[in-house]
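Where a number appears in this text, it was derived from the coordinates with a stated rule and is not lab data. Nothing here was measured: the structure is a model prediction, and the numbers come from that model. Here the Cβ positions follow ideal geometry from the backbone for every residue, glycine too, while neighbour counts run over all protein chains shown.
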Amino acid sequence: YIEHDPTNSHTFKNHLLKSKRILALCGAGLSASSGLATFRGAGGLWRTHDAMSLATPQAFVKDPSLVWQFYSARRQAAFSAKPNPAHLALAALSVKNKDFITVTQNVDGLSPRAGHPLEQLYPVHGSLSTIKCTSIFCSYTEYNNFKMALTPALAPATDVESLPPNIPLTELPYCPKCGVGMMRPGVVWFNETLPNDLLEGIDDWTDQGPIDLCLVIGTTGKVWPAAGYIEICKEKGAKVAVINMEIDDDPHLGGVKNADWLFKGDCAQILPDILG
Ligand code: BJW
Ligand code: ZN
């Protein structure tokens, strides 16, 4: 018999052609070739801080200036970045196949800007272009905002390292409606719940019937509940294809331990090939 070769894009393409219901789970690696930093591993440091340690409500309470500078820099990088061929390949497949949904953990807005149909996109960790009031009396009012600098103190610096370490609280962004609530990024931090409408939309889709294929793209698959969709797809019969720059024995790496296909490399090169 012929052993299944997980690097064989021919068997993958055959399965893709037969697949109707497909779910893609995306992470920071999808935007890496657009020049945006990932969270873990190389690039996971912002100045001297572990990016993960800044993505918590506790960090924001303790040092809103530091956390706002981190998100301000991330907004500026995302707004200046361009979608790459991987975003475009996913958008194109979504246009072709209305039974294909993409669950993205990315907050950079590059998938929407690649023309990804919004009704097939579930940005479960929020968006850098959303800001929200922290005041309950203001019902946590949300705004879309694409300004490079939310306040003069958060202006893009030519040399990021030279930003003042501490912006006075009064120079951080405040709510235009109530005037007293400090604004925060409209992203989902650790220990916070994911947007319920999105989770329900994904559940409705996964409950509709068997799933043929799960694409795990540029994510370590360590963050829950997003990582759990791989297992949910498998339970619904899906074959799993992992596309990642690093494929090693890390038992945590999303889906690797029982992936049917493993494509190692830059997804901006691999996706246009295997999905095209
Ligand atoms: C390439 C590439 C190239 C590079 N091509 N590939 C169950 C079990 C255990 C823990 C929990 C659990 N349920 C909840 C938890 C706690 C927690 C959690 O998961 N902890 C784990 C770390 C253990 N989860 C939560 O807190 C979540 N909330 C929740 O569950 O609410 C319910 C609840 C509330 C209260 C009490 C109890 C329950 C919320 C999680 C929110 C995560 N938020 C962040 C920040 C978002 C905002 C921002 O962007 O700043 O989301 S953290 C960060 O990690 C970000 C990412 O979306 C997320 C995932 O990271 P991702 O995308 O995988 O990036 P990397 O860097 O890890 O990986 C990049 C990959 O790409 C690598 O593999 C590279 O090799 C690869 N790559 N270049 C292809 N060119
Ligand atoms: Zn407000």
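Okay, here's what the table says:
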{"read-out": "Zone of His10's modelled label, taken as backbone nitrogen in the stretch 258-276 under 16 Å from a point 7 Å along Cα→Cβ", "value": "274"}
{"read-out": "Ranking of Ile136, Ile167 by count of other Cβ atoms within 10 Å, fewest first", "value": "Ile136, Ile167"}
{"read-out": "For Phe190, Phe79, Phe137, Phe12, order by how many other beta-carbon atoms lie within 10 Å, fewest first", "value": "Phe137, Phe190, Phe79, Phe12"}
{"read-out": "Shape category assigned to the stretch 102-152 from the gyration tensor of Cα positions, a/c cut at 1.5", "value": "oblate"}
{"read-out": "Largest-first ellipsoid semi-axes for the chain, taking √(5λ) over the Cα gyration tensor eigenvalues, angstrom", "value": "35, 20, 16"}
{"read-out": "Listed residues Leu88, Leu23, Leu45, most fluctuating in the chain (Gaussian network, C-alpha, under 10 Å)", "value": "Leu45"}
{"read-out": "Dimensionless Rg over Rh [the stretch 96-202; C-alpha; Kirkwood]", "value": "1.03"}
{"read-out": "Theoretical FRET efficiency, 1/(1+(r/R0)^6), r = Cβ-Cβ of Phe190 and Glu246, R0 22 Å, to 0.05", "value": "0.45"}
{"read-out": "Residue with peak Gaussian network fluctuation, the chain [Cα springs, cutoff 10 Å], from Asn258, Asn84, Asn196", "value": "Asn196"}
{"read-out": "Estimated FRET transfer efficiency when R0 is 41 angstrom, pair Asn166-Leu118 (beta carbons, to 0.05)", "value": "0.60"}
{"read-out": "Compactness index (Cα Rg / 2.2 N^0.38 Å), the stretch 13-156", "value": "1.16"}
{"read-out": "The chain: calculated mean residue ellipticity at 222 nm from DSSP helix runs of at least 4, using -39500 (n - 2.57)", "value": "-8500 deg cm²/dmol"}
{"read-out": "Distance (nanometres) between label positions extended 7 Å along Cα→Cβ at Cys178 and Lys20", "value": "4.8"}
{"read-out": "Among Val95, Val240, Val107, residue whose mean-square fluctuation peaks in a GNM of the chain (springs only between Cα atoms under 10 Å)", "value": "Val95"}
{"read-out": "Across the chain: Cys residues that no other cysteine approaches within a C-beta distance under 4.7 Å", "value": "Cys26, Cys267"}
{"read-out": "Computed label-point distance, nm, for sites Arg40 and Met52 using a 7 Å Cα→Cβ extension", "value": "0.6"}
{"read-out": "Prolate/oblate/rounded call for the stretch 1-80, Cα gyration tensor, a/c under 1.5 rounded", "value": "prolate"}
{"read-out": "For Ala24, residues with placed amide H under 5 Å, excluding near neighbours", "value": "Ile101, Thr102, Val103, Leu215"}
{"read-out": "Distance between modelled label sites at Lys222 and Lys62, nm, 7 Å Cα→Cβ extension", "value": "1.8"}
